[in-house]
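What follows is a set of notes on a single structure, which appears directly below.
Coordinate-derived values only; no laboratory data. Model, not experiment: these values are computed from the prediction. All Cβ positions, even for glycine, are placed from backbone atoms using ideal geometry, and neighbour counts span all protein chains on display.
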Amino acid sequence: MWEIFVKGGPVMIPLAILSVVGLAVVIEKFVNLRNSKVIHSEVINCIESVRSAADIPMAIKLCERHHSPFAEIVRSGLEAHALPPLEIR
């Protein structure tokens, strides 16, 4: 393995360093973007409890309290629930 690294010449040093940095970024993102941080269970439970149009304002308020991409997407969908499907696109 070391022979291949040496045959690669000076280009191999930055390539090896960037490979290690890239792996570190992937591991850091994996640790920090766990499912429990992105998708809050409180938002999921609230969405599952929506049974009628009267429950939607409560679910929208709950989504506004959680500042996560998932909550924003759910809130947008709930706010557009009365629109025709072609307009929602």
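List of remarks:
- Projecting the Cα atoms of LEU23, PHE70, ILE44 onto the dipole axis of the chain, where Lys and Arg carry +1 and Asp and Glu carry -1 at the beta carbon, places LEU23 farthest toward the positive end.
- Once both labels are positioned 7 Å from their Cα atoms along Cα-to-Cβ, the gap between ILE73 and LEU23 label points is 3.1 nm.
- Folded to 0 to 90 degrees: helix 56-65 orientation relative to the chain principal axis, Cα: 40
- Angle in degrees between helix 69-79 and the longest Cα principal axis of the chain, rounded to the nearest 10: 30
- Between helix 12-32 and the chain there is an angle of about 20 degrees, using the helix long axis and the longest principal axis of the Cα atoms.
- Sequence-separation-based contact order of the chain, relative, with Cα cut under 8 Å and 6+ spacing, percent: 19
- Cα gyration tensor shape for the chain, rounded if a/c is under 1.5, else prolate or oblate: prolate
- Near ILE73: Cβ cut-off under 14 Å, other residues only, Lys/Arg at +1 and Asp/Glu at -1. The net charge is -2.
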